[in-house]
Amino acid sequence: MDDPKLLKGKIVAQHVNQRVEKMVQLLNEHGVQPKLSVVLVGDDPASKVYVKRKGKSCEKLGIKSETIQLPDTTTEGELLDIIEQLNKDTDNHGILVQLPLPKQIREEVIIRSVNPLKDVDCFHPQNVGLLVTGNPYVLPCTPAGILEILKYYEIETEGKHAVIIGRSNIVGKPLANLLVQKQKMANATVSVIHSRTKDLAEYTRQADILIAAIGKAEFVHSDMIKDGTVVIDVGINRVDADNEKGYRLVGDVNFDSVFSKVARITPVPGGVGPMTIAMLMQNTITAASFQEGITIEKTAN
Ligand code: GUN
């Protein structure tokens with residue numbers, strides 16, 4: 001579908017990728033080959049797909065990448081040893097440990113073990129602190145991708161009521177912290193609502209910008225929004241379908257139900273999804289430049 005209401009993350013991601021390619025060239029001119037290492041523990045099918053896409057994107061943009069695949073019986077100690085090696089490896093600039101991790105491994109312990117300078121996810125408490133206080137090292141990938149979409153399509157956030165459904169550490173909480181910052185492309189009034197919020201639709205109906213990141217297929221319906229809402233759908237859910245794969249992907253928003261009411265909306269797929277990887281590529285370049293002591297202009301486009 002090619003409708004002017006659509007916020008096409010796929011196109012914005014291409015725009016970011018062009019910027020990243022130029023930054024890779026600049027690093028190469030300084031004799032630096034940026035490198036990202038991705039660690040996947042276990043064989044969750046969705047995680048496998050994401051990790052493969054990350055590797056492909058690196059290859060396309062001239063970023064060296066390595067995927068370390070470990071069995072789901074891996075112990076916390078074994079994973080810590082691998083991260084320690086990656087922390088020490090000066091050829092490696094970025095470390096991404098794909099979440100979720102198997103039950104025997106504590107996520108918070110792993111996140112804290114990554115060298116903050118190589119933390120391309122912006123999950124380490126040091127980087128989260130820098131983000132919250134308005135002086136970030138890198139931005140968390142999915143929230144940064146959402147801001148990039150809003151910027152590309154010139155959607156004003158200042159003074160707007162942004163309502164975020166979902167309080168995860170990966171999307172909801174960091175996005176709230178970004179949108180509330182006292183700066184251009186932020187300055188929003190932010191509400192974070194979640195599974196325990198009473199009368200949830202009371203809040204969603206007040207949203208100028210509604211971000212759905214709750215992980216429930218087609219959760220948001222037309223009676224939950226007002227006319228003219230900008231809807232950002234972060235969800236990627238598999239639902240049974242009568243096709244070759246046996247499933248199709250849907251967001252956290254019931255697209256057909258809300259479409260006539262919204263001002264703009266991100267589709268699923270092709271909306272926020274491609275942005276997460278594009279921002280990861282950008283973060284890898286930021287991390288490589290910082291570690292190598294090279295200043296490159298992020299807006300080199
Ligand atoms: N699992 C789902 N999203 C993410 C992400 O952005 N980073 C990592 N490391 N794991 C994830």
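Set side by side, the residues VAL32, VAL38, VAL51 differ, and just one is modelled with pLDDT of 95 or more, of a type in the set (Val, Ile, Thr), more than 24 Å from ASN169 (Cα to Cα) and surrounded by 14 or more Cβ atoms within 10 Å (Cβ to Cβ), which is VAL32. Residues in the stretch 86-95 that are within 15 Å of the ligand (Cβ to nearest atom) and either open to solvent by 30 Å² or more (accessible area, probe 1.4 Å) or among the β-branched types (Val, Ile, Thr) (or both): ILE95 only. Looking only at the stretch 205-238, residues that are of a type in the set (Asp, Glu), part of a loop (DSSP other than H, G, I, E, B) and open to solvent by 80 Å² or more (accessible area, probe 1.4 Å) come to 1 in all.
Scanning the stretch 139-175 for residues that are farther than 21 Å from LYS226 by Cα, small (Gly, Ala, Ser) and open to solvent by 10 Å² or more (accessible area, probe 1.4 Å) yields one hit, SER168. Got at least one residue in the stretch 96-117 being in contact (Cβ under 8 Å) with a residue 12 or more places away in the chain, more than 16 Å from the ligand (Cβ to nearest atom) and within 30 Å of TYR152 (Cβ to Cβ)? Yes; the residues of the stretch 96-117 include at least one that is in contact (Cβ under 8 Å) with a residue 12 or more places away in the chain, more than 16 Å from the ligand (Cβ to nearest atom) and within 30 Å of TYR152 (Cβ to Cβ). Considering the stretch 119-136, and only residues there that are within 16 Å of the ligand (Cβ to nearest atom) and part of a loop (DSSP other than H, G, I, E, B), the residue that is most open to solvent (accessible area, probe 1.4 Å) turns out to be PRO136. For the stretch 239-254: of the residues being open to solvent by 80 Å² or more (accessible area, probe 1.4 Å) and part of a loop (DSSP other than H, G, I, E, B), which is modelled with the lowest pLDDT? Filtering first and then ranking leaves LYS245.
Has the stretch 63-75 got any residue that is touching a residue at least 40 places away in the same chain (Cβ under 8 Å) and under 19 Å from the mean Cα position of the chain (by Cα)? Yes, because at least one residue in the stretch 63-75 is touching a residue at least 40 places away in the same chain (Cβ under 8 Å) and under 19 Å from the mean Cα position of the chain (by Cα).
Across the stretch 62-98, the number of residues qualifying as closer than 25 Å to LEU27 by Cβ and in contact with a Pro (Cβ under 9 Å, 6 or more places away or on another chain) comes to 5. Return yes or no: is LEU70 aliphatic (A, V, I, L, M) and either more than 13 Å from the ligand (Cβ to nearest atom) or at pLDDT below 95 (or both)? Spelling it out, LEU70 is indeed aliphatic (A, V, I, L, M) and either more than 13 Å from the ligand (Cβ to nearest atom) or at pLDDT below 95 (or both). Pairing each residue of the stretch 138-156 that is closer than 18 Å to GLN98 by Cβ and assigned to a loop (DSSP other than H, G, I, E, B) with any residue that is β-branched (Val, Ile, Thr) and open to solvent by 10 Å² or more (accessible area, probe 1.4 Å), provided the two are 6+ apart or on different chains, yields C-beta distances under 9 Å for VAL138/THR286; PRO140/VAL128; PRO140/ILE170; PRO140/VAL171. Looking at (1) of a type in the set (Ser, Thr, Tyr); (2) within 13 Å of the ligand (Cβ to nearest atom); (3) over 15 Å from the mean Cα position of the chain (by Cα), find the lone condition where THR142 falls short. Single failed check for THR142: (3). Taking the criterion of being touching a residue at least 40 places away in the same chain (Cβ under 8 Å) and not in a strand (DSSP E or B), the residues of the stretch 32-50 that qualify are VAL32, GLN33, PRO34, GLY42, ASP44, ALA46, SER47, TYR50. Within the stretch 157-166, the set of residues being more than 15 Å from the ligand (Cβ to nearest atom), in a loop (DSSP other than H, G, I, E, B) and touching a strand residue (DSSP E or B) at 6+ places or on another chain (Cβ under 9 Å) comprises THR157, GLY159, LYS160. The residues of the stretch 255-271 that are open to solvent by 30 Å² or more (accessible area, probe 1.4 Å) and either closer than 20 Å to VAL12 by Cα or assigned to a loop (DSSP other than H, G, I, E, B) (or both), listed by number, are PHE259, SER260, LYS261, ALA263, ARG264, VAL268, PRO269. Counting only residues that are in contact with a Ser or Thr (Cβ under 7 Å, 6 or more places away or on another chain) and hydrophobic (A, V, I, L, M, F, W, C), which one in the stretch 66-85 is most open to solvent (accessible area, probe 1.4 Å)? The residue in question is LEU80.
The values are calculated or read from the model by the stated rules, or taken from the named source; none is laboratory data. Being a predicted model, the structure only gives us computed values, none of them experimental. Counting neighbours? That spans all protein chains shown, and the Cβs are built from the backbone with ideal geometry, glycine included. Ligands, DNA and RNA are excluded from the accessible area calculation, which covers all protein heavy atoms including side chains. Shrake-Rupley method; radii C 1.70, N 1.55, O 1.52, S 1.80 Å.
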